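Structure, as structure tokens:
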């Protein structure tokens, strides 16, 4: 296996964990929309953990190994549209998660634990909307990686 192939393998695995996990989380969230408060609290706790300790590291790994692929390949460069789309989308989704989704998920859990369900519900509503937009951005990134516009 060449260095490029190794970098690509790690990049694809990390992206799969991040994007697949984010889509799965959205589907589970839809299923739990009308669930008992205890179930929603458990899901919020799990998502807080998964976002911080699985999705964010996977995003960093995907970016890092994607960058290594660009550096290793004479055929790819940062000026290519598909790389720009991918890098920008990844940055948007990562920063959205780090700056908004993780802190707001923590806030929602604290509110739920304090018995402030309506306030927690409002926070989770905003988290859900922003998380869905982040998933759309990630899907655009996957499209750019596959279609490679401009190449």
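The values are calculated or read from the model by the stated rules, or taken from the named source; none is laboratory data. Just so we're clear, the structure is a prediction, and the values are computed from it rather than from any experiment. Note: ideal-geometry Cβ built from the backbone for every residue, glycine included; neighbour counts use all protein chains shown.
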Does residue 18 satisfy the condition of being free of Cβ contacts under 8 Å to residues at least 12 places away in the same chain and either over 23 Å from residue 92 (Cα atoms) or within 15 Å of the chain's Cα centre (by Cα) (or both)? no
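Within the stretch 24-48, take every residue that is surrounded by fewer than 17 Cβ atoms within 10 Å (Cβ to Cβ), within 21 Å of residue 99 (Cα to Cα) and modelled with pLDDT of 90 or more and give me the one that is nearest to the chain's Cα centre (by Cα).
Only one residue tops the list, namely 26.
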What number goes with the only condition from (1) farther than 15 Å from residue 124 by Cα; (2) without any contact (Cβ under 8 Å) to a residue 60 or more places away in the chain that residue 33 does not pass? (1)
Pairs where the first residue, in the stretch 112-139, is without any contact (Cβ under 8 Å) to a residue 12 or more places away in the chain and the second is in a helix (DSSP H, G or I) and surrounded by 13 or more Cβ atoms within 10 Å (Cβ to Cβ), C-beta under 8 Å, 6+ apart: 119/111
Considering the stretch 111-131 alone, what residues qualify as being more than 21 Å from the chain's Cα centre (by Cα) and within 22 Å of residue 93 (Cα to Cα)? 122
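Of all residues being in contact with a helix residue (DSSP H, G or I) (Cβ under 7 Å, 6 or more places away or on another chain) and surrounded by fewer than 17 Cβ atoms within 10 Å (Cβ to Cβ) in the stretch 11-23, which is nearest to residue 71 (Cα to Cα)? Just the residue, please.
Step by step, filter the stretch 11-23, then rank; the result is 21.
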